[in-house]
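**Q** One structure, as structure tokens, below. Some questions next.
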Amino acid sequence: MEKLDQRIQLVASSEFSKIIDAWRRKQSDLPSRSEAIRRLVQSGLKYEKEHPMHMITAIIRPHKYEEVREALLKLGVEGITVAQVQGFGRQRGQTEFYRGAEYKTAEVPKVRLEIAVAQGLLSEVIEAVQSIAATGKVGDGKLFVHSLDQVMRIRTGERDEKALS
Ligand SMILES: Nc1ncnc2c1ncn2[C@@H]1O[C@H](COP(=O)(O)OP(=O)(O)OP(=O)(O)O)[C@@H](O)[C@H]1O
Ligand SMILES: [Mg+2]
């Protein structure tokens, strides 16, 4: 049995406590708050270990591309795949350039970025894209995060995180 001999002080918001309590109540053995936090940290660490790489697909407004690109390079992203695409979201392209009386679904030009990152960069990249690409108007885009199983640098045959750095 693990020895619990380290006392760690923790100050949290009431929102955090509520989330912890809601999680505790869903467990069959109703763990204490401390035990709940221990378990959640363990499962977060396990998740990170099992998902060390992610592919981020970001659909953004074309005029935001340059700024997003600069920010990602500064963060240390080693590559980006970019494509001009067309799409629509829940307004079906309408409010973005609505002209006529008829409501037709209209594809709107967007830029799609694909960025493969190791764990250390994931949240920074997501936050950078959001903070730069958001204007607050409908049509700002979407960001999808997928777990990435394997990566290879074709020239060298290097795999996974080595192939990302
Ligand atoms: N569910 C989806 N699946 C795939 N692509 C999507 C989806 N939703 C949006 N997209 C892509 O993202 C682009 C921008 O979507 P948009 O920002 O309009 O999403 P939204 O959900 O309608 O949000 P908002 O209400 O802010 O407009 C679309 O043109 C499309 O390319
Ligand atoms: Mg929309």
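All of the numbers you see were taken from the coordinates with simple rules; none came from a lab. Quick caveat, the model's predicted, so the values are computed rather than measured. In this analysis, Cβ positions are derived from the backbone assuming ideal geometry, glycine residues included, and neighbour counts consider all displayed protein chains.
**Q** Look at the stretch 151-164 and say how many of its residues are farther than 17 Å from LEU122 by Cβ and part of a loop (DSSP other than H, G, I, E, B).
**A** Residues flagged as farther than 17 Å from LEU122 by Cβ and part of a loop (DSSP other than H, G, I, E, B) within the stretch 151-164 amount to 6.
**Q** Then there is this: Find the residue count for the stretch 102-138, including only residues that are away from ligand 2 (no atom under 16 Å from the Cβ) and in contact (Cβ under 8 Å) with a residue 24 or more places away in the chain.
**A** 15
**Q** Also: Could you pull out the residue among GLU114, GLU107, GLU158 that is within 16 Å of ligand 1 (Cβ to nearest atom), surrounded by 11 or more Cβ atoms within 10 Å (Cβ to Cβ), acidic (Asp, Glu) and more than 15 Å from ILE56 (Cβ to Cβ)?
**A** Being within 16 Å of ligand 1 (Cβ to nearest atom), surrounded by 11 or more Cβ atoms within 10 Å (Cβ to Cβ), acidic (Asp, Glu) and more than 15 Å from ILE56 (Cβ to Cβ) holds for just one of GLU114, GLU107, GLU158, which is GLU107.
**Q** Looking at ILE80, ILE19, ILE56, which one is aliphatic (A, V, I, L, M) and without any contact (Cβ under 8 Å) to a residue 12 or more places away in the chain?
**A** Step by step, each of ILE80, ILE19, ILE56 is checked, and only ILE19 is aliphatic (A, V, I, L, M) and without any contact (Cβ under 8 Å) to a residue 12 or more places away in the chain.
**Q** Given the criteria of a type in the set (Lys, Arg) and within 11 Å of ligand 1 (Cβ to nearest atom), does LYS64 qualify?
**A** no
**Q** Follow-up. Does the stretch 29-48 contain at least one residue that is of a type in the set (A, V, I, L, M), over 30 Å from MET152 (Cβ atoms) and touching a Lys or Arg at 6+ places or on another chain (Cβ under 9 Å)?
**A** Yes: the stretch 29-48 contains one or more residues that are of a type in the set (A, V, I, L, M), over 30 Å from MET152 (Cβ atoms) and touching a Lys or Arg at 6+ places or on another chain (Cβ under 9 Å).
**Q** Which of the residues that make up the stretch 56-87 are in contact with an Asp or Glu (Cβ under 8 Å, 6 or more places away or on another chain) and basic (Lys, Arg)?
**A** Scanning the stretch 56-87 gives a single hit, ARG61.
**Q** If you take the residues of the stretch 131-144 that are loosely packed, with under 15 Cβ neighbours inside 10 Å and under 18 Å from the mean Cα position of the chain (by Cα), which of them is nearest to GLN91 (Cα to Cα)?
**A** If we take residues in the stretch 131-144 being loosely packed, with under 15 Cβ neighbours inside 10 Å and under 18 Å from the mean Cα position of the chain (by Cα), then LYS142 is nearest to GLN91 (Cα to Cα).
**Q** Then there's this: Which condition does GLY141 not pass, out of (1) more than 15 Å from ligand 2 (Cβ to nearest atom); (2) within 30 Å of GLU50 (Cα to Cα), if it passes all the others?
**A** Result: GLY141 fails condition (1) only.
**Q** A further question on this structure: On the basis of being in contact (Cβ under 8 Å) with a residue 40 or more places away in the chain, over 30 Å from ILE20 (Cα atoms) and within 14 Å of ligand 1 (Cβ to nearest atom), does GLN91 make the cut?
**A** In short, yes.
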